[in-house]
Each structure stands twice: as C-alpha cells, then as structure tokens.
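The values are calculated or read from the model by the stated rules, or taken from the named source; none is laboratory data. As the structure is a prediction and not an experimental result, all values here were calculated from the model. Methodologically, a virtual Cβ is constructed for each residue, glycine included, from the backbone with ideal geometry; neighbour enumeration extends over all protein chains shown. Note: areas computed on protein heavy atoms with side chains; ligands, DNA, RNA excluded. Shrake-Rupley method; radii C 1.70, N 1.55, O 1.52, S 1.80 Å.
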Amino acid sequence: MANRTRGPTRRDVLTGTAALLTLAGCQSGGEPSAPVTIAADENCDQCGMVISEHPGPVGETYYRNNTPTRHGEPARFCSTICTYRHRFAKEQEGWTPATTFLTDYSAVDYEVRTDGGATVLTRHLDASAFAASTELTVVANSDVESAMGTAIVPFGDEGDAESFTEEYGGQTLPAEDIQRELVSRG
C-alpha cells in the first residue's frame with residue numbers, strides 16, 4: 001500500500017481553531033497590549049477621586065480574569081499609592097495582576113512646583129507616559145507629594161531616579177519591590 005499525503009481533516013481544522021481561540025482567550029481577561037490614556041473625567045478605582053484633578057504619578061492595572069465593575073480594563077488610579085493599595089486588596093480577593101503601568105517620569109517633560117505649600121509633580125495621563133512597573137525604579141519617601149500624600153515617583157532610567165533623590169530626598173527601589181507597608185495608611 002502506498003503512503004498517501006492528505007490534507008487536514010475537518011477534525012484537524014476544528015482542533016486547530018479551538019486551540020487558537022483558547023490562546024486568544026488567554027490574551028483577554030487581563031493581558032494588556034498597552035496602557036490606555038486616562039480621560040479627564042475618570043475616577044480612581046481605589047479612592048474614587050477624579051484622577052485628572054490631582055498632581056503626580058498615576059497608574060493602571062490589568063488583572064487576569066477580572067475587570068473593574070464601572071468600566072472595562074484596565075483599573076485606573078489617581079496615584080501610585082492607590083495603584084498598589086488596590087493591587088494588594090484585590091490580591092487578597094484572589095485577583096491576579098497581569099501588568100501594572102505607572103507614569104514614567106523619565107519619558108515625560110515634568111515640572112515640580114509648589115501648590116498650597118506642598119511640592120508636587122505634574123500629572124501625565126496620555127498612554128505614552130506609562131511604562132510597565134517591571135521596568136521602573138521608584139523614589140519613595142521624598143519631599144514631593146501627590147494625590148494621596150507622599151509621592152512614589154517612577155522612573156524608567158535609574159539615573160533619573162538617583163538625580164531626583166539628590167534634589168528631593170527619598171530612596172530608590174524597583175517598582176515591583178513595593179510592599180504593603182509602604183502604601184498603608186498612616
């Protein structure tokens with residue numbers, strides 16, 4: 001009997017299609033392709049404040065298999081503090097963070113100014129201002145404030161973070177090393 005080459009059967013096509021749909025499904029439900037621009041009227045998913053009305057770094061988090069109740073992905077936050085408070089609270093509820101994006105102050109032209117006696121940073125809500133937290137170094141405990149008190153300021157360039165600490169104090173650490181104690185209410 002001769003060996004015959006045959007094309008794919010209906011079963012082969014259906015099995016392949018099911019596999020592709022399964023893989024595509026893994027990309028939804030929390031797997032981001034990119035950060036999104038935060039609209040001027042959006043509220044923080046942690047504290048409820050209008051994000052655009054407050055200074056300093058903001059954040060977004062995509063979760064695997066979970067979505068915020070008021071809108072589609074990602075969850076959006078008025079500050080780095082709220083970003084991490086939300087992540088920690090949702091992790092206790094079984095939500096798994098897929099990716100967190102934070103304002104990358106190495107990627108934007110920012111200003112530090114005095115507002116009501118506090119030293120604050122400008123806010124940046126455009127998608128291009130964000131970087132994945134896995135790529136960022138943050139400055140914690142500086143003299144700069146944000147929407148929720150002392151700012152945790154992210155930088156994509158570690159040298160920029162060091163320069164920031166020289167001028168405004170604080171300590172640097174990888175953004176993924178932020179612990180619950182650093183963002184707990186004082």
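Here are a few things to note about the model shown:
- In the stretch 32-127, taking the dipole from charged Cβ atoms about the Cα centre, the farthest positive-side position among 96, 69, 43 is held by 96.
- Heavy-atom accessible area per residue - the stretch 35-141, 1.4 Å, Å²: 42
- 3J(HN,Hα) along the stretch 136-143: 10, 10, 10, 10, 10, 6, 8, 8 Hz, from the Karplus curve 6.51 cos²θ - 1.76 cosθ + 1.60 with θ = phi - 60°, whole Hz, x for Gly and Pro.
- Sulfur and carbon atoms: percent of accessible area, the stretch 62-122 [1.4 Å]: 38
- Relative contact order, whole percent, for the stretch 47-162 stands at 30, derived from Cα pairs under 8 Å and 6 or more residues apart.
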